[in-house]
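Chemist: Supplied in structure tokens, the structure appears directly below.
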Amino acid sequence: MNESVHIAVMTSEVIDALGTRPGGRTVDGTLGAGTYAASLLEATAPDGSVLSLDVDPGALKRARERFAPYGKRWVGVEANFRSLDRIAEERGFRPCEGVVLDLGVSSDELADASKGLSFMKEGPLDMRLGPRANEDGLTAGDIVNSWSRDDLITVIRDYGEERFAGRIADGILRARKAARLVGTLDLVSVIRSSVPRTYEHGRIHPATRTFQALRIAVNDELEALRDAIAAARRILAPGGRIAVVSFHSLEDRIVKHAFKEADDLVPITKRPAIPSEDEMTANPRSRSAKLRVAEKR
């Protein structure tokens, strides 16, 4: 995929919340389509700089072409955002004035069938966001084909908040006795046959929560988020800010408590900001987004 199809959420709100100024240094821990990076480069012109991290080589390739005119003002590194303090140190971005983390899975990643993130198209049961997304090479296929019933239930229930976790785990165990589950649509079929028919008439696809759970487990997303917030605290200059855009309650809860419990952060948003009605209408995927901001003491 040469061109990005992703639409970032609350871009102007994020830039305003960071208080970005000309000459500042900002770390964009989740490059994605590069929307935040582009806005940060504009806000810090003429001599500010942006360091972007991503585990997806495709996102970095597109960004390097897009941001080539900015020269050394933009730096892109293939790395997990949980290591952003080390990368910032190596690239001369410590201390920095701002850190932004967009926790949503981009439309580009969902459209890339080879990642196996979408339950709407055939792909391998991989779900890694990139080669550096985890350290042990764990895939969704490994989980559904080898994990115990109890472990499957725990993952699907805790990470997907799926009330039919037990039934889905039982369906997976039955299916894998006959043959290894290898494709995303194989798993979708198992899920559909495991949940009540009334689920089909609900607000979301029956596979939504299970796919979310497996993706979180494969990429260790929740622990990585905790690590990233701690890393951001270490590299922010006094008065610097961190802005985090989350898309489900598990993430938002972690961000809320991390900001509240850190003795060197002051929450700026007592309640999370949400997209405007116009943005939600134009980009329905933004409806679940929440923005929290905190400032380094």
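Chemist: For LYS290, only one of the following conditions fails: (1) among the basic types (Lys, Arg); (2) crowded, with 22+ Cβ neighbours inside 10 Å; (3) more than 23 Å from ARG82 (Cβ to Cβ). What is its number?
Modeler: Here LYS290 clears every test but (3).
Chemist: Given the residues ILE143, ILE153, which is the only one that is touching a Gly at 6+ places or on another chain (Cβ under 8 Å) and not assigned by TED's automatic domain parsing to the domain that holds GLY34?
Modeler: Numbers: ILE143 fails: touching a Gly at 6+ places or on another chain (Cβ under 8 Å).
On inspection, the qualifying residue turns out to be ILE153.
Chemist: Please go through segment 200-246 and pick out each residue that is at pLDDT below 95 and either among the aliphatic types (A, V, I, L, M) or more than 21 Å from LYS115 (Cβ to Cβ) (or both).
Modeler: GLU200, HIS201, GLY202, ARG203, ILE204
Chemist: Right, here's the next one. Go through segment 136-150 and give me each residue that's part of a helix (DSSP H, G or I) and either within 15 Å of PHE211 (Cα to Cα) or within 20 Å of the chain's Cα centre (by Cα) (or both).
Modeler: Of all residues in segment 136-150, those part of a helix (DSSP H, G or I) come to 140-146, 149-150.
Residues satisfying the conditions are ALA140, GLY141, ASP142, ILE143, VAL144, ASN145.
Chemist: If I go through segment 150-170 residue by residue, how many of them are out of contact with any Lys or Arg (no Cβ under 9 Å at 6 or more places or on another chain) and surrounded by fewer than 16 Cβ atoms within 10 Å (Cβ to Cβ)?
Modeler: 3
Chemist: Determine which member of the set GLY29, GLY23 is closer than 23 Å to PRO238 by Cα, of a type outside the set (Ser, Thr, Tyr) and in contact with a Gly (Cβ under 7 Å, 6 or more places away or on another chain).
Modeler: Working: GLY29 fails: in contact with a Gly (Cβ under 7 Å, 6 or more places away or on another chain).
When all the criteria are applied, what remains is GLY23.
Chemist: So if I check each of ALA63, ALA45, which one is outside any strand (DSSP E or B), surrounded by fewer than 19 Cβ atoms within 10 Å (Cβ to Cβ) and in the same structural domain as PRO238 (by TED's automatic domain parsing)? Steps first, please.
Modeler: Details: ALA63 fails: surrounded by fewer than 19 Cβ atoms within 10 Å (Cβ to Cβ).
Testing whether each residue is outside any strand (DSSP E or B), surrounded by fewer than 19 Cβ atoms within 10 Å (Cβ to Cβ) and in the same structural domain as PRO238 (by TED's automatic domain parsing) leaves just ALA45.
Chemist: Mind checking whether some residue in segment 90-99 is part of a helix (DSSP H, G or I), more than 18 Å from the chain's Cα centre (by Cα) and of a type in the set (Phe, Trp, Tyr)?
Modeler: Residues of segment 90-99 that are part of a helix (DSSP H, G or I), as a first pass: 90.
Going one step further and asking which of them are more than 18 Å from the chain's Cα centre (by Cα), we end up with 90.
Checking the rest, the ones that are also of a type in the set (Phe, Trp, Tyr) come to none.
Within segment 90-99, not a single residue is part of a helix (DSSP H, G or I), more than 18 Å from the chain's Cα centre (by Cα) and of a type in the set (Phe, Trp, Tyr).
Chemist: Out of curiosity, is VAL255 assigned to a strand (DSSP E or B) and either in contact (Cβ under 8 Å) with a residue 12 or more places away in the chain or more than 25 Å from ALA88 (Cα to Cα) (or both)? Full working, then the answer.
Modeler: Working: assigned to a strand (DSSP E or B): no; either in contact (Cβ under 8 Å) with a residue 12 or more places away in the chain or more than 25 Å from ALA88 (Cα to Cα) (or both): yes.
Answer is no for this residue.
Chemist: Let me confirm something: among VAL14, VAL50, which residue is among the aliphatic types (A, V, I, L, M), part of a strand (DSSP E or B) and either touching a Phe, Trp or Tyr at 6+ places or on another chain (Cβ under 8 Å) or surrounded by 20 or more Cβ atoms within 10 Å (Cβ to Cβ) (or both)? Break it down stepwise before answering.
Modeler: Working: VAL14 fails: part of a strand (DSSP E or B).
Every option except VAL50 fails the conditions.
Chemist: Something else: Tally the residues that are crowded, with 21+ Cβ neighbours inside 10 Å and within 18 Å of ILE229 (Cα to Cα), restricting the search to segment 66-81.
Modeler: 2
Chemist: Which members of segment 189-220 meet the condition of being within 21 Å of ASP158 (Cβ to Cβ) and β-branched (Val, Ile, Thr)?
Modeler: VAL190, ILE191, VAL195, ILE204, THR208, THR210, ILE216, VAL218
Chemist: Any chance you could count how many residues in segment 264-297 are in contact (Cβ under 8 Å) with a residue 12 or more places away in the chain and in a loop (DSSP other than H, G, I, E, B)?
Modeler: Within segment 264-297, residues that are in contact (Cβ under 8 Å) with a residue 12 or more places away in the chain and in a loop (DSSP other than H, G, I, E, B) number 9.
Chemist: Read through the list (1) buried (at least 20 other Cβ atoms within 10 Å of the Cβ); (2) within 25 Å of GLU251 (Cα to Cα), then give the number of the only condition that HIS205 fails.
Modeler: (1)
Chemist: Answer yes or no as to whether GLY104 is closer than 19 Å to LEU214 by Cβ and either assigned to a loop (DSSP other than H, G, I, E, B) or not β-branched (Val, Ile, Thr) (or both).
Modeler: Values: closer than 19 Å to LEU214 by Cβ: yes; either assigned to a loop (DSSP other than H, G, I, E, B) or not β-branched (Val, Ile, Thr) (or both): yes.
Taking the combined requirement at face value, the residue satisfies it.
The values are calculated or read from the model by the stated rules, or taken from the named source; none is laboratory data. Just so it is clear, the model here is predicted, and its values are computed rather than measured. Glycine also receives a Cβ, built like all others from the backbone with ideal geometry; neighbour counts cover every protein chain displayed.
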